[in-house]
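The values are calculated or read from the model by the stated rules, or taken from the named source; none is laboratory data. Since the structure is predicted, the reported quantities are computational estimates derived from the model, not experimental observations. A quick note on method: Cβ atoms are made from the backbone with ideal geometry, for glycine too, and the neighbour counts reach across all protein chains shown.
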Amino acid sequence: MNAANRTPIPCPVCRSREHAPFLSRGGFEIVRCLGCGHRYLNPPPTAEEVRALYDESYFKSDGSLDRGYGDYAAQAHNIRRTFRDRLRFLPETRGKLLDVGAAAGFFVEQCRAAGWDAEGVEPSEWASRYAREELGQPVKTCGLAEANFPDNSFDVVTCWEVIEHLPDPRTLLAEIARVLKPGGLLYMSTPDAGSLVARGSGKRWLGWYKVPEHLQFFDRGGLSRLASEVGLHVESGRYVSLTVSLEFAMQRLGALVGVEALGKVPRFLREKPVRVNPLYDLMLVARRS
């Protein structure tokens, strides 16, 4: 990666250019904004570097602690369980739903099975093609802005672990506000850099590992502020669960506490599904004004 081509940016939350070093990782710098406290990658990777991150290897990564997923499609059963659990937070009245950053289409699949008129957008060519060809789900290969949806198109927009990947999250939230109907709901989740676990584990917190995949490290206050400034008013927040393999859970716990041996799970237990809530993924629900 060529650092010489990267351009420093102002804080994505408050637009201040004043910042202090926070953490160096993988040739990148995480900084802390002196105006609002938001932490973000500065300078961020170039557009070319970002595009290179999200090819098929991102979904079949040898080092998923630092990048991507070990084998995303092979974990379909756990991903479906995770997303079925998320369905319970949605309104009882089914309507039009858009999943932004739909990956391989598993959430769209679960929504449509539950009676939603759901579709997705996903910039990864591999993942969106998997959604269409393997799952038969309506997921377009593009970002939200490129999809050109009309104003007021959707009752609900979901955005699961997406906003932290973007150099300009304000633009995404403004576009979500545009395509939501008045009174429509946004459900978004992101690793919470302000959680008790993040604060207690310091620079061992697993959220800091995902560089340069993650460009933003939000806390609840910063993300709520950003959403409100584009007309999306946060009504509630909570940490959401994941269903993962026992091996995955123990490897993450081992990395967090600095005891690698915790990840050594007996072979016959490695794929056992476990439902965990490590106070990592914060879900905010915001309503369009």
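Residue 70 meets each of the listed conditions (1) buried (at least 19 other Cβ atoms within 10 Å of the Cβ); (2) touching a residue at least 40 places away in the same chain (Cβ under 8 Å); (3) in a loop (DSSP other than H, G, I, E, B) apart from (1). Out of 271, 247, 235, 260, one residue alone is at pLDDT below 85, in contact with a Lys or Arg (Cβ under 6 Å, 6 or more places away or on another chain), more than 30 Å from residue 49 (Cα to Cα) and of a type outside the set (Ser, Thr, Tyr). It is 247. In the condition set (1) assigned to a strand (DSSP E or B); (2) crowded, with 17+ Cβ neighbours inside 10 Å, residue 235 is compliant with all but (2).
Here is a list of conditions, (1) buried (at least 17 other Cβ atoms within 10 Å of the Cβ); (2) within 18 Å of the chain's Cα centre (by Cα), and residue 130 meets all of them except one; can you say which number that is? Condition (2) is where residue 130 drops out. Answer with yes or no whether residue 50 is at pLDDT below 95 and of a type in the set (Val, Ile, Thr). Judged against the criteria, residue 50 is a match.
Table: residues versus (1) in contact with a helix residue (DSSP H, G or I) (Cβ under 8 Å, 6 or more places away or on another chain); (2) among the hydroxyl-bearing types (Ser, Thr, Tyr); (3) surrounded by fewer than 19 Cβ atoms within 10 Å (Cβ to Cβ); (4) touching a residue at least 60 places away in the same chain (Cβ under 8 Å).
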position: 176; (1), (2), (3), (4): yes, no, no, yes
position: 181; (1), (2), (3), (4): no, no, yes, yes
position: 184; (1), (2), (3), (4): no, no, no, yes
position: 189; (1), (2), (3), (4): no, yes, no, yes
position: 193; (1), (2), (3), (4): yes, no, no, yes
position: 200; (1), (2), (3), (4): no, no, yes, no
position: 214; (1), (2), (3), (4): yes, no, no, yes
position: 222; (1), (2), (3), (4): no, no, no, yes
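In region 78-93, the residues that are hydrophobic (A, V, I, L, M, F, W, C) form Cβ pairs under 6 Å with partners that are assigned to a loop (DSSP other than H, G, I, E, B), at six or more places apart or across chains, as follows: 87/114. When residue 125 is tested against (1) over 17 Å from the mean Cα position of the chain (by Cα); (2) within 22 Å of residue 280 (Cβ to Cβ); (3) surrounded by fewer than 20 Cβ atoms within 10 Å (Cβ to Cβ), exactly one condition is not met: (2). Go through the residues of region 101-112 one by one and say whether even a single one is assigned to a loop (DSSP other than H, G, I, E, B) and of a type in the set (Asp, Glu). Taking every residue of region 101-112 in turn, none turns out to be assigned to a loop (DSSP other than H, G, I, E, B) and of a type in the set (Asp, Glu).
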